[in-house]
Amino acid sequence: MLELKNVTKTYNPGTVTEMCLFRDFNLSVKDGEFVSVVGSNGSGKTSMLNIICGTIPIDSGDCTINGKSILKQKDFVRYKKIGRVYQNPSMGTCPDMTILENLSLADNKGRRYGLSMGVSKKRTELYRQQLKELGLGLEDKLNVKMGSLSGGQRQAVALLMATMTPLDFLILDEHTAALDPHTADIIMELTDKIVREKKLTAIMVTHNLRYAVEYGSRLVMMDKGQIVLDIDGDKKRETKVDDILGIFTSISIECGN
């Protein structure tokens, strides 16, 4: 279980632009949950993910996994058990390296390289099979550089790379926002397939209310650093986009979005 406990976070303290985003913020995510997080701009969605991943510090409170604090862990230590896919398809991959080289790097996450080869020929066929399961024809492009792929292809590989090694949590930071609608649908279907098959615990921030309703086992709506809606189980499965659209719209208008 992942828990954020009494988290307080203030941006630009002591200046005219000081803003307290979180004050005694709490969130618990049970093992196996797929949580969709929605909210207007500035609601704290991405900041929450950054706190979990350790990329921004907090003023007070704690972040724990299975009861153990991870606040003082280095980023590279946290990322041994956390996979993250970013909004920008160019992040999380190396554009000047081939698909094979990128997958090899991801496959060795958390391990010591020593003087051994970075690319293992014995693993190449496994990579090919994993790419084939994506259904994008990438299994025949192992030696193609990542930078030459389309945004959707690159995001699909980034999703595969983020989940190659055993994980505790998968963090999805608006990972379909930069894609066209058709490609975004493909990536969401792949995401759902991977989360289910690997039985991952996932937190997905999205502005797409349809994705938030259709995917995941729990839906959380945030506003001004607070959780204003939290539904799961049968209530989540019965929820329609129109059920939450009114709440989301009123919050967005209030925030000037």
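For this structure, a couple of remarks:
- Members of region 95-115 found to be of a type in the set (A, V, I, L, M, F, W, C) and at pLDDT 90 or above, listed by number: Met97, Ile99, Leu100, Leu103
- Test: residue in region 44-59 that is touching a His at 6+ places or on another chain (Cβ under 9 Å), crowded, with 19+ Cβ neighbours inside 10 Å and of a type in the set (Ser, Thr, Tyr): no
- Given (1) of a type in the set (Ser, Thr, Tyr); (2) modelled with pLDDT under 95; (3) surrounded by 14 or more Cβ atoms within 10 Å (Cβ to Cβ); (4) over 26 Å from Asp24 (Cβ atoms), index of the condition Tyr211 fails: (2)
- Taking the criterion of being touching a strand residue (DSSP E or B) at 6+ places or on another chain (Cβ under 7 Å), part of a loop (DSSP other than H, G, I, E, B) and over 24 Å from Gly42 (Cα atoms), the only residue of region 191-216 that qualifies is Leu200.
- Check on Leu229, under 23 Å from Leu2 (Cα atoms), open to solvent by 20 Å² or more (accessible area, probe 1.4 Å) and not in a helix (DSSP H, G or I): yes
- Screening Glu139 on (1) surrounded by fewer than 21 Cβ atoms within 10 Å (Cβ to Cβ); (2) within 23 Å of Asn26 (Cβ to Cβ) shows it passes everything except condition (2).
- Test: residue in region 166-185 that is charged (D, E, K, R), surrounded by fewer than 17 Cβ atoms within 10 Å (Cβ to Cβ) and touching a helix residue (DSSP H, G or I) at 6+ places or on another chain (Cβ under 7 Å): no
- Pair list, Cβ < 7 Å and 6+ apart or interchain, from region 1-19 residues that are farther than 20 Å from Gly42 by Cβ to residues that are among the acidic types (Asp, Glu) and assigned to a strand (DSSP E or B): Lys5/Asp62; Asn6/Asp24
The values are calculated or read from the model by the stated rules, or taken from the named source; none is laboratory data. Here the structure is a predicted model, which is why all the values come from computation and not from measurement. Backbone-built Cβ (ideal geometry, glycine too); neighbour counts: all protein chains shown. The area values use the complete protein model at the heavy-atom level, side chains included, leaving out ligands, DNA and RNA. Shrake-Rupley method; radii C 1.70, N 1.55, O 1.52, S 1.80 Å.
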